[in-house]
Amino acid sequence: MKKFIFFFSVLSLFVFCKTPTKTIVETQGTKIEPSPKSRDDQRGDLRFVNYNVENLYDTYDDTTKDDEEFLPWGLKGWNKERYNQKLKNIFKVLVNVGGWEMPEIVAVQEIENRRVLEDLINLTPMSEYKYGVIHEDSPDNRGVDVGLLFRRDKFTPLQHSVIRIKFPFDTLVKTRDILMVKGLVNKMKDTITIFVFHSPSRRGGETASEPRRVYVAEQARIRIDSILNKNPDSKIVLMGDFNDEPDNKSILEVLRGKGDANNLQAGDMYNFMYNLKMNQGLGSYKFQEFWNCIDNLIVSQGLLSNKATTYCTTNSGQIYNKDWLVMPDDQAPGVKPVRTYNGPQYVGGFSDHLPVYLDLYFR
């Protein structure tokens, strides 16, 4: 009976947000159709989703965090009703990105604490899929963290840790940790290491703030090199909000996330977003009138090998964009993501980011 209720609730979500069979993504006044490889009916055995959920705060006052804006008496008027609606909206996004099957791995950014993730998986129909939570509190000034949700029947965690970021050149600034999770997939045949990022923002200007993002990437690259030095065929996935685009220094030079899979050197990684942004003009986040691709999906060469039992193709990473996730942009041409708040006005939408996803396949 419970599974029938869940199926009915999921079915209603798909009926409610039914869109044309082709996904249309707008870029600087032009509408571009993604390649057939991005169609929902070509889902992999494992779907990794990355989603910056934008300010998922609970309604309780945490005196150790700067959460006053998102309290019932705060500027946003954030209350239980709006919080519960936000959880439902995130579930709606995830079940649709999953393609009739809930995603096996979900990396999230801009969450206040572990409680909001537990509420997401327990107070929505996600409870039917028995998700686990991996989360650690970070010292970020805004009190937001990163986290990882995983389906226990599809991913077996072995260990996790965080890379704590302390800027030697700016000791007063605190930012989010990088979350590292190592686990087993494909009937425990293969080991994958996942890095979840939420790199420092561009506040103060792209150039002035770039050293912080470069430093974060350097700390991650130290760990990546350590893994690859032990086994060059290691399977690694980097996912998150990098606050940099595929051709920026932190990604292209430091993390070595390249866009041409046919010309990768030893230690290079492949960034799915490079082609989507640089060649197709697509993006996951709209800043002013431009679509930016700051949510990146990067993999090691071990996942691109034709000998790997868990693998991906160069088209496996995509941006998920549907008509119901965007609205007319009143400040610039075209559309923009439907946010929870449009300035001070409560809209009841989803996020200022679009989700991105990566499919892995089993042999």
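The values are calculated or read from the model by the stated rules, or taken from the named source; none is laboratory data. Note that the structure is a prediction, hence the values are computed from the model and not measured. Note: ideal-geometry Cβ built from the backbone for every residue, glycine included; neighbour counts use all protein chains shown.
General remarks:
- 1 or more residues buried (at least 19 other Cβ atoms within 10 Å of the Cβ) and among the aliphatic types (A, V, I, L, M): qualifying strands (runs of 3 or more DSSP E) within the range 260-310: 269-271, 295-300
- Scanning the range 71-89 for residues that are touching a residue at least 24 places away in the same chain (Cβ under 8 Å) and under 15 Å from Tyr341 (Cβ atoms) gives Leu75, Lys76, Gly77, Arg82, Tyr83, Gln85, Lys86, Asn89.
- Where a residue in the range 249-275 is closer than 17 Å to Thr313 by Cβ and its partner, wherever it lies, is among the acidic types (Asp, Glu), with Cβ under 6 Å and at least six apart: Lys258/Asp268
- Boolean, Val173 is touching a residue at least 24 places away in the same chain (Cβ under 8 Å), under 23 Å from Pro139 (Cβ atoms) and not hydroxyl-bearing (Ser, Thr, Tyr): yes
- Hits in the range 148-194 (condition: outside any strand (DSSP E or B) and more than 24 Å from Tyr357 (Cβ to Cβ)): Arg164, Ile165, Lys166, Phe167, Pro168, Phe169, Asp170, Thr171, Leu172, Val173, Lys174, Thr175
- Qualifying residue in the range 219-242 (condition: among the hydroxyl-bearing types (Ser, Thr, Tyr), surrounded by 15 or more Cβ atoms within 10 Å (Cβ to Cβ), part of a helix (DSSP H, G or I) and modelled with pLDDT of 95 or more): no
- Long-range neighbours under 8 Å by Cβ, at least six apart or interchain, first residue within 18 Å of Gly183 (Cα to Cα) within the range 230-244, second exposed (fewer than 12 other Cβ atoms within 10 Å of the Cβ) and modelled with pLDDT of 95 or more: Pro232/Ala266
- Residue list for the range 97-117, restricted to those being under 15 Å from the mean Cα position of the chain (by Cα), in contact (Cβ under 8 Å) with a residue 40 or more places away in the chain and within 26 Å of Gln345 (Cα to Cα): Val108, Gln109, Glu110, Ile111
- From Asp295, Asp352, Asp330, residue being in contact with a Pro (Cβ under 6 Å, 6 or more places away or on another chain) and under 30 Å from Gly74 (Cβ atoms): Asp352
- Pair list, Cβ under 6 Å, 6 or more apart: the range 324-348 residue surrounded by fewer than 19 Cβ atoms within 10 Å (Cβ to Cβ), other residue assigned to a helix (DSSP H, G or I) and of a type in the set (S, T, N, Q): Gly348/Gln85
- Evaluation of Pro72 against the conditions (1) modelled with pLDDT of 95 or more; (2) in contact with a Ser or Thr (Cβ under 7 Å, 6 or more places away or on another chain) shows that the sole unmet condition is (1).
- Some residue of the range 248-259 being in contact with a Leu (Cβ under 6 Å, 6 or more places away or on another chain), part of a helix (DSSP H, G or I) and modelled with pLDDT of 95 or more: no
- Contact map, the range 282-303: residues that are within 18 Å of Val108 (Cα to Cα) paired with residues that are part of a strand (DSSP E or B) and among the basic types (Lys, Arg), Cβ distance under 8 Å, separation 6+ or inter-chain. Pairs shown: Val299/Lys235.
- Search result, residues across the range 153-199 that are among the basic types (Lys, Arg), surrounded by 15 or more Cβ atoms within 10 Å (Cβ to Cβ) and farther than 19 Å from Tyr131 by Cβ: Lys174, Arg176
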